Amino acid sequence: MGQSIPLIPLALIIILAIAVGVLTFLVVQLQRKLRIFMNGKDGSDLESTLIDLTQKVFNIEDTLQAHKEGLEYIDSRVKRSIRGYSLIRYNAYDNAGGEQSFASGLLDEYGDGYILSVITNRSHVGVYSKKIIAGQPETSLTNEEAEALTQAKQPLNL
């Protein structure tokens, strides 16, 4: 009988050869991907691409901060703008018709503002203003002014 090669070492050699082939294929694939990754879209290397992306992130953060400050400024202005208003028309004098007199409530989001009253008759027009702080009048109000304040406070939930 001739000399025979033991089967176990031969099987190991075949398995190792297949493993080396698969690993070589994977390394070639990885090198191809790495080459593409290292060559940015304009031919720059990875470092310059990362620097560029980092700078873009800083620019975005600066822009977001500027937008945040702008929105906070707008929000503060909106809160101080007229948010609740009303208009109550009435006859200030029994002999003068047409409901030409009125009381108007003008309030910001904090309930600060004024009640404006205009009292009209044939020969005179009087304009009056009463300050409101946190939804409360500084001076006493007429019935019409009190109604104007109540209606102006409704959308503000005061």
For Lys33, the aspartates and glutamates lying under 20 Å Cα to Cα, once residues fewer than eight places off in the same chain are dropped, come out as Asp42, Asp45, Glu47
Go through the stretch 61-105 and name the chymotrypsin sites (Phe, Trp or Tyr not before Pro) that are in a DSSP coil and have 13 or fewer other Cβ atoms within 10 Å of their Cβ. Tyr93
Using r as the Cβ-Cβ distance of Leu71 and Arg35, and R0 as 41 Å, what FRET efficiency do you calculate, to the nearest 0.05? 0.35
Cubic angstrom per residue, convex hull over Cα atoms of the chain: 279
Toward the positive end of the charge dipole of the chain, about the Cα centre and with charges on Cβ (Lys, Arg +1; Asp, Glu -1), which of Tyr73, Leu87, Val127 goes farthest? Tyr73
Within the chain, longest stretch free of exposed GluC sites (Glu not before Pro) [DSSP loop, at most 14 other beta carbons within 10 Å]: 1-98
Ranked highest first by average number of other Cβ atoms within 10 Å, how do 113-124, 48-59 line up? 113-124, 48-59
Residues of type lysines that Lys79 reaches as a straight line, Cα spacing below 19 Å, ignoring anything fewer than 8 places off in the same chain: Lys68, Lys131, Lys153
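Here, each number is a calculation from the coordinates, and none is a lab measurement. What you see is a predicted model; the values in this text were computed from it and never measured. Cβ sites come from the backbone with ideal geometry, for glycine too, and all protein chains shown count toward neighbours.
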